[in-house]
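Okay, structure first, notes after.
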Amino acid sequence: MSAHDFINLKTYPIGADSPERVALLESVRADLERDGCAVLKGFLTADGVAALTAEAESVSEQGYRSFNRTNAYFTKDDPDLPADHPKRQFFDRSNAFIPADNFSPDGALRQIHDFEGFDAFIQACLQEENFYRYADPLADVIVNMAEEGEGFPWHFDTNNFTVTLAIQNAESGGAFEYAPAIRAETENFDEVGRVLRGQSDRVKVLELEPGDLQLFRGRYSLHRVAPLKGQRRRYVAIFSYVEEPNMVGAPERTEQLYGRTLPIHHERAGQRIDVLMD
Ligand SMILES: O=C(O)CCC(=O)C(=O)O
Ligand SMILES: [Fe+2]
């Protein structure tokens, strides 16, 4: 089977230019414009979901688990601020990343990623002028694996956008919750504080299902993946694109996220600033 069997090309004609593709782009762009988020429900076929699930399961042992305590801004604690300030609210984060080199070119994940027109379609949706696939062999496409009690606490992304493909959900929990455009010219700490305390009415809730493709601009929209429940693991693929060609992660950051580095990380070290995964 190939990407033609895995991607629902009837509903999502992402490849060659056509009036249907133009209409699809218009609708995705309108969603992104409205609240920084677009979901292509059922982007994958049932065969696609089954193949990706099996592939993720088959390499799950290669996942590298990491733990940290983080605030919404990924900054250090600032004891000069009041104890209830949003920058001083820290939450546990733990999950595991399955590095990109576990996914072979003929496996389902790379068949989808390498499908002709996939990158160009994502770029056209996001209308990003400088747009390159991350050249990092550990990180161009990864699977994020999380278990009961895990999730991703409230945060703003450091990267401009995130492209994810839902593969498998936990038995319950795991909703994607976000407060669109909650910060812009100002940090809007009052409203951010209300979201962190569960008192805001600006939070939207998305129940993403296996096979859904999500494009999200997370720099201005506070968001989280609610804690997972049940025995089944959550698997999500994350595709990474950057603004310059030939970019790879910094060695320290790569070690933190994936537990190892490759020669290319050291060869390229110091040539550029890092692009953070999260
Ligand atoms: O796991 C996800 O669905 C995406 C989580 C997220 O917010 C991120 O990776 O920045
Ligand atoms: Fe995020």
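The values are calculated or read from the model by the stated rules, or taken from the named source; none is laboratory data. Here the structure is a predicted model, which is why all the values come from computation and not from measurement. For neighbour counting, all protein chains shown are included, and Cβ atoms are generated from backbone atoms with ideal geometry for every residue, glycine included. Keep in mind that these areas ignore ligands, DNA and RNA; they rest on the heavy atoms of the full protein, side chains included. Shrake-Rupley method; radii C 1.70, N 1.55, O 1.52, S 1.80 Å.
Here are the numbers:
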{"quantity": "Some residue of region 37-46 being among the charged types (D, E, K, R), under 30 Å from Leu257 (Cβ atoms), open to solvent by 20 Å² or more (accessible area, probe 1.4 Å) and touching a strand residue (DSSP E or B) at 6+ places or on another chain (Cβ under 8 Å)", "calculated": "no"}
{"quantity": "Counted residues, region 1-36 - those being open to solvent by 40 Å² or more (accessible area, probe 1.4 Å) and of a type in the set (A, V, I, L, M)", "calculated": "6"}
{"quantity": "Qualifying residue in region 204-213 (condition: in contact with a helix residue (DSSP H, G or I) (Cβ under 8 Å, 6 or more places away or on another chain) and of a type in the set (Asp, Glu))", "calculated": "no"}
{"quantity": "Within region 213-257, tally of residues that are in contact (Cβ under 8 Å) with a residue 24 or more places away in the chain, open to solvent by 30 Å² or more (accessible area, probe 1.4 Å) and within 18 Å of Arg65 (Cβ to Cβ)", "calculated": "7"}
{"quantity": "Residue in region 237-248 that is modelled with pLDDT of 95 or more and more than 15 Å from ligand 1 (Cβ to nearest atom) present", "calculated": "no"}
{"quantity": "The listed residue being of a type in the set (Gly, Ala, Ser) and in contact with a strand residue (DSSP E or B) (Cβ under 6 Å, 6 or more places away or on another chain), out of Ala120, Ala100, Ala135, Ala139", "calculated": "Ala100"}
{"quantity": "Ala269, sole failed condition from (1) assigned to a loop (DSSP other than H, G, I, E, B); (2) buried (at least 18 other Cβ atoms within 10 Å of the Cβ); (3) among the small types (Gly, Ala, Ser)", "calculated": "(2)"}
{"quantity": "Pairs where the first residue, in region 197-212, is touching a residue at least 24 places away in the same chain (Cβ under 8 Å) and the second is among the polar types (S, T, N, Q) and not in a loop (DSSP other than H, G, I, E, B), C-beta under 6 Å, 6+ apart", "calculated": "Pro210/Gln168"}
{"quantity": "Breaking point among (1) outside any loop (DSSP other than H, G, I, E, B); (2) out of contact with any strand residue (DSSP E or B) (no Cβ under 7 Å at 6 or more places or on another chain), for Asp157", "calculated": "(1)"}
{"quantity": "Test: Glu209 is surrounded by fewer than 18 Cβ atoms within 10 Å (Cβ to Cβ) and in a loop (DSSP other than H, G, I, E, B)", "calculated": "yes"}
{"quantity": "Extreme residue, nearest to ligand 2 (Cβ to nearest atom), among residues of region 86-114 that are open to solvent by less than 30 Å² (accessible area, probe 1.4 Å) and touching a residue at least 60 places away in the same chain (Cβ under 8 Å)", "calculated": "Arg93"}
{"quantity": "Positions within region 117-164 being of a type in the set (A, V, I, L, M), touching a residue at least 24 places away in the same chain (Cβ under 8 Å) and either under 25 Å from Thr261 (Cα atoms) or surrounded by fewer than 18 Cβ atoms within 10 Å (Cβ to Cβ) (or both), in sequence order", "calculated": "Ala135, Leu138, Ala139, Val141, Ile142, Val143, Met145, Ala146, Val163"}
{"quantity": "Failed criterion for Met277 (all others in (1) within 16 Å of ligand 2 (Cβ to nearest atom); (2) modelled with pLDDT of 90 or more; (3) crowded, with 21+ Cβ neighbours inside 10 Å hold)", "calculated": "(2)"}
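A quick yes/no check of all residues on (1) within 15 Å of ligand 2 (Cβ to nearest atom); (2) out of contact with any Asp or Glu (no Cβ under 6 Å at 6 or more places or on another chain); (3) at pLDDT 95 or above:
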site	(1), (2), (3)
Phe118	no, yes, yes
Ile122	no, yes, yes
Glu128	no, yes, yes
Arg133	no, no, yes
Pro137	no, no, yes
Ile142	yes, yes, yes
Gly149	no, yes, yes
Pro153	yes, yes, yes
Leu165	yes, yes, yes
